[in-house]
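The values are calculated or read from the model by the stated rules, or taken from the named source; none is laboratory data. What you see is a predicted model, and the numbers here were worked out from it, not measured in a lab. Virtual Cβ from ideal backbone geometry, glycine too; neighbours counted across all protein chains shown.
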Amino acid sequence: MEIKKSEEVLAEVHRNCQLALQSISDILPEAEDADVREELLRQHEEYEKFSGKASIIAKDKNIELKNPGMIKKAMMWSSIKMSTMTDNSRAHIAEMMTQGTVMGITALKSSLGEMSEDCADEEIRALAEELLCAEEKFEKTWKGMIS
C-alpha cells in the first residue's frame, strides 16, 4: 500500500507541475503587463525545477509518470484563450492564476492527507510539501496583483 500511495503523490506532483507549465505557457503570450510576465516566467522556472526533481525521483524508484492528455491540454488552452481574449488585464490574469494555483494546492493537500505518516516515502513527501509551500506563496503573489 505504501508504494502505491507514494507513487500517487509523486504522480500528483508531476501532474500539478505539467498543468501549471502548460497554463503559464498558454497565458504568457496574452500577458502585456511587465510585472505579470516576469512573475509568470519566474513561476514557470520554479515548476520546471519541481518537475525535474519529480522525474529524477521517478527514475530512481522505477515509477512511470504520465503527462496530462491532449484533450485536457486543448481544453485548458481554449479556456485560457477565450478568457484572455476579452480581458488580458493584470487583475484578470492574476485571478486566473490564483484559481489554477488553488486547484493545485487542493490536489496536493488531498494527496498528502491520504499518505500515512509512518509508511510514506520521505523523499516524495518532502518534494510534495516543498511544492505545496511554493504554490501557497504563488497564490499570495497572485492575490496581491488582483487588487
**Prompt:** Across the range 23-32, which residue is surrounded by the fewest Cβ atoms within 10 Å (Cβ to Cβ) among those that are assigned to a helix (DSSP H, G or I) and out of contact with any His (no Cβ under 6 Å at 6 or more places or on another chain)?
**Reply:** P29
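So which residues in the range 68-124 are part of a loop (DSSP other than H, G, I, E, B) and either acidic (D, E) or free of Cβ contacts under 8 Å to residues at least 60 places away in the same chain (or both)?
P68, G69, D87, N88, S89, E114, D121
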**Asked** Given the conditions (1) modelled with pLDDT under 95; (2) in contact with a Lys or Arg (Cβ under 8 Å, 6 or more places away or on another chain); (3) surrounded by 15 or more Cβ atoms within 10 Å (Cβ to Cβ), which single one is not true for L127?
**Response** (1)
**Message:** From the list E39, E64, E48, exactly one residue is under 17 Å from the mean Cα position of the chain (by Cα) and surrounded by fewer than 18 Cβ atoms within 10 Å (Cβ to Cβ). Which is it?
**Reply:** E48
**Flag if T84 is crowded, with 18+ Cβ neighbours inside 10 Å, farther than 20 Å from M115 by Cα and modelled with pLDDT of 90 or more** = no
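Quick check on my filter: what residues within the range 33-67 are part of a helix (DSSP H, G or I) and of a type in the set (S, T, N, Q)?
Q43, S51, S55
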